[in-house]
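Novice: Here it is: the structure, laid out below.
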Amino acid sequence: MGVTGGIAAYKSVQVARDLTRLGATVDVVLTHSAQKFVTPLSFSGVTGRPALTDLFSAEGAALHIRLGREADVVCVAPATADFLARAAQGRADDLICTTLLATRAPVVLCPAMNDRMFSHPQVQANLAHLRDHLHYTIAGPADGALAVGEGEGPGRMIEPWQIEEHIGRALEASGPLIGRKVLVTAGPTREPLDPVRYLGNRSSGRMGYAIAQAAWRRGAHVTLVSGPSSLAPPEGVDFVPVETAMQMREAVLGLVANTDVNVFSAAVADFRPSNPHATKVKRADAGGEMIVTLEANPDIAADTVLVRKSGSLSVGFALETNDLISNAAKKLVSKQFDLLVANDATEPGAGFEVSTNKVTILSTDGEPEELPLMTKDAVAEELLDRVCAHLARRS
Ligand code: CTP
């Protein structure tokens, strides 16, 4: 990790800490001006390794060669306008820039500066050069309030979790998902009763968001069509927010002709109020009871069968409370899925509003596989391993 002199440097301590906890060996290099904002001690405290500052250190003149050779990925966060200019020119005047020249690892740069500086044509030209000619990943900046309270971006550095996702992608992107188009549906749908009330369900969206993020880390172009969720959209994905099942269907049907992998993890409401009221229903008008007539929503996954891209792969979900495998197997066939993730809503730690899941994965070409209780992030990886295996067999 390189850290250059911007106020966002305080966030980079978190990145170094998170990466270390995830099992990475993190060597942090600070520029002279970075040390005006954070100290080397802050980083060595979280990485357990000495933080580096000098091109000419006790280790000798080859420090940058060792760092460049050992790195699996180099991330500079924050990357100031001055650093971007020096990196774009191939300058070798400090330890970070020399390391960049010495490495052949993927490079992720996270710009951070005032929005006026960021939009300056010279900064933009430097970024274009770094991206297009040197093939560095430019992650961010984000929109939003800047440190001095002036300007609304783009200019602020992306958040630590987003930086970590970019690093993950730089490390992980390989295999059959690279460059593939992946569609994921996620979350609940909301079916309006009147302008302020709806029928919904307890889906949080976590499972689908985890799949979308993991597929992006593996190098896919991901579109996430999501019902209302309190989760932040995953990094790097095209995010299509919808409310109702009908809106989700329209969004999905507009995409599936061009997607290589479809994952239907949304908890779509099977029914919607037939006659939603145009104005808020008043308690006095409703009397002592309110009767709502529901009509069936279309089955989104089934409706895509005839429009799916030929050779594409589709994954369904099934949430059951009884006869898990036989109910799930019926859905695998009727909706023409290649893989189906079945879970039992009555199992502790599985289903809605928890961060874990206990699933059985059914496949058109093998026996059901029962996985142990694990986090939804881990389930996403297990599922994508099987998606990749299917794709590899097909090509
Ligand atoms: N699904 C869908 N559109 C619907 C209902 C379900 O696309 N209107 C998808 C889900 O995203 C999931 C799969 O179909 O991938 C199975 O969903 P599930 O709710 O378990 O099954 P249903 O077909 O609705 O059957 P039931 O509720 O009767 O079990």
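Novice: Select from Thr137, Leu19, Gly5 the residue farthest towards the positive end of the dipole of the range 2-170; place +1 on Cβ of Lys and Arg, -1 on Cβ of Asp and Glu, and compute about the Cα centre.
Specialist: About the Cα centre, the residue reaching furthest to the positive side is Leu19.
Novice: Further, regarding this structure: Report the gain in length on full extension from Ser334 to Arg393: 0.36 nm times residue separation, minus Cα-Cα distance, nm rounded to one decimal.
Specialist: 18.9 nm
Novice: Given axes a ≥ b ≥ c from the Cα gyration tensor, I'd like to know whether the range 249-344 is rounded (a/c under 1.5), prolate (a/b larger than b/c) or oblate. Please list the in-between numbers first.
Specialist: Numbers: a/c = 3.66, a/b = 1.78, b/c = 2.05.
Oblate shape, in that a/c is at least 1.5 and b/c is the bigger or equal ratio.
Novice: How high is the relative contact order of the range 181-394, given as a whole-number percent (alpha carbon pairs under 8 Å, six or more residues apart)?
Specialist: 19
Novice: Another question about this same structure. Which net charge results for the neighbourhood of Ala212, defined as the other residues with beta-carbon distances under 12 angstrom from its beta-carbon, given Lys and Arg at +1 and Asp and Glu at -1?
Specialist: Residues near Ala212 contribute 0 overall.
Novice: Okay, moving on. Between Leu231 and Thr279, what length comes free when the chain is fully extended (0.36 nm per residue of separation minus the Cα-Cα distance, one decimal in nm)?
Specialist: That pair, Leu231 and Thr279, stretches by 14.3 nm at full extension.
Novice: I would also like to ask the following. Accessible area per residue for the chain in Å², computed with a 1.4 Å probe and the full protein assembly in place, what is it?
Specialist: That works out to 48 Å² per residue.
Novice: Let me ask something else about it. Spin-label point model (7 Å from Cα, Cβ direction): what's the Glu152 to Ala125 distance in nm?
Specialist: 3.0
Novice: Translational diffusion coefficient of the range 89-131 at 37 °C, 0.692 mPa s, Stokes-Einstein with Kirkwood Rh over Cα pairs, in µm²/s as a whole number. Walk me through the numbers on the way to the answer.
Specialist: Numbers: Rh = 11.8 Å.
Answer, rounded: 278 µm²/s.
Novice: Could you give P(r) for the range 120-249, binned at 5 Å from zero, as whole percent values over all Cα-Cα pairs?
Specialist: 2, 10, 14, 17, 17, 14, 12, 8, 4, 2, 0
Novice: In the range 265-341, what percent of the accessible surface is made up of carbon and sulfur (1.4 Å probe, ligands and nucleic acids excluded)? Intermediate results must be reported in sequence, preceding the final value.
Specialist: On the way: 2370 of 4540 Å².
Carbon plus sulfur share of accessible area: 52 percent.
Novice: Using the Cα centre as the reference, give the magnitude of the dipole from point charges on the C-beta atoms of the chain (Lys, Arg: +1; Asp, Glu: -1; all else neutral), rounded to the nearest 20 debye.
Specialist: Roughly 500 debye for the chain.
Novice: So how much slack lies between Gln14 and Ile325, counting 0.36 nm per residue of separation and subtracting their Cα-Cα distance, in nm?
Specialist: 107.6 nm is the gain from fully extending Gln14 to Ile325.
Novice: Lys330: which aspartates and glutamates have alpha carbons under 18 Å from its alpha carbon, excluding same-chain residues fewer than 8 sequence positions away?
Specialist: Reachable aspartates and glutamates: Asp270, Asp299, Asp303, Glu320, Asp338, Asp344, Asp365, Glu367, Glu369, Glu370.
Novice: What dipole magnitude, in Debye to the nearest 20, does the range 108-179 give about its Cα centre under +1 on Lys/Arg Cβ and -1 on Asp/Glu Cβ?
Specialist: Working: 4 positive and 9 negative charges, 45 e Å.
So the magnitude is around 220 debye.
Novice: Angle, helix 121-132 long axis vs. longest principal axis of the chain, Cα atoms, 0 to 90°, nearest 10?
Specialist: With rounding to tens, the tilt is 70 degrees.
Novice: Something else: With a cut-off of 8 Å between alpha carbons and a minimum separation of six or more residues, what is the relative contact order of the chain in percent?
Specialist: Computed value for the chain: 11 percent relative contact order.
Novice: Give me the one-decimal nm value for the distance between modelled label points at Glu295 and Glu172, 7 Å along each residue's Cα-to-Cβ direction.
Specialist: Between Glu295 and Glu172, the label points sit 4.3 nm apart.
Novice: Right, next: Among the GluC sites (Glu not before Pro) in the range 200-293, which ones are in a DSSP loop with at most 12 other Cβ atoms within 10 Å of the Cβ? Mind listing them?
Specialist: Hits after loop and neighbour filter: Glu289.
Novice: Using only the alpha-carbon atoms of the range 181-394, report the extent along each of the three principal axes, biggest first, to the nearest angstrom.
Specialist: Result, largest extent first: 62, 35, 32 Å.
Novice: Let me have the relative contact order for the range 17-63, percent, based on Cα pairs under 8 Å that are six or more residues apart. Write out the running numbers ahead of the final one.
Specialist: Working: 43 pairs, mean separation 17.1, N = 47.
Computed over the range 17-63, the figure is 36 percent.
Novice: Scanning the chain for trypsin sites (Lys or Arg not before Pro) in DSSP loops with at most 13 other Cβ atoms within 10 Å, what's the longest stretch left with none?
Specialist: 283-395
Novice: At most 10 other Cβ atoms within 10 Å and a DSSP loop assignment: could you name the chymotrypsin sites (Phe, Trp or Tyr not before Pro) in the range 1-92 that fit?
Specialist: Phe56
Novice: Would you give the gap between the C-alpha center of the range 21-60 and the C-alpha center of the range 120-142, rounded to a whole Å?
Specialist: After rounding, the separation between the Cα centres reads 25 Å.
Novice: With viscosity set to 0.692 mPa s and temperature to 37 °C, compute the Stokes-Einstein D of the range 2-170, Rh being the Kirkwood radius across alpha carbon pairs; µm²/s, no decimals.
Specialist: Diffusion coefficient, whole number: 208 µm²/s.
Novice: What lysines could a cross-link reach from Lys11, if we take a straight Cα to Cα line under 23 Å and drop same-chain neighbours fewer than 8 places away?
Specialist: Lys36
Novice: Charges at C-beta only: +1 for Lys and Arg, -1 for Asp and Glu. How large is the resulting dipole of the range 275-391 about its Cα centre, in Debye rounded to 20?
Specialist: 580
Novice: Need the list of lysines near Lys181 for cross-linking: C-alpha distance under 17 angstrom, and skip anything on the same chain fewer than eight residues off.
Specialist: Partners found: Lys309.
The values are calculated or read from the model by the stated rules, or taken from the named source; none is laboratory data. What you see is a predicted model, and the numbers here were worked out from it, not measured in a lab. Glycine also receives a Cβ, built like all others from the backbone with ideal geometry; neighbour counts cover every protein chain displayed. Accessible surface areas use protein heavy atoms only, side chains included; no ligands, DNA or RNA. Shrake-Rupley method; radii C 1.70, N 1.55, O 1.52, S 1.80 Å.
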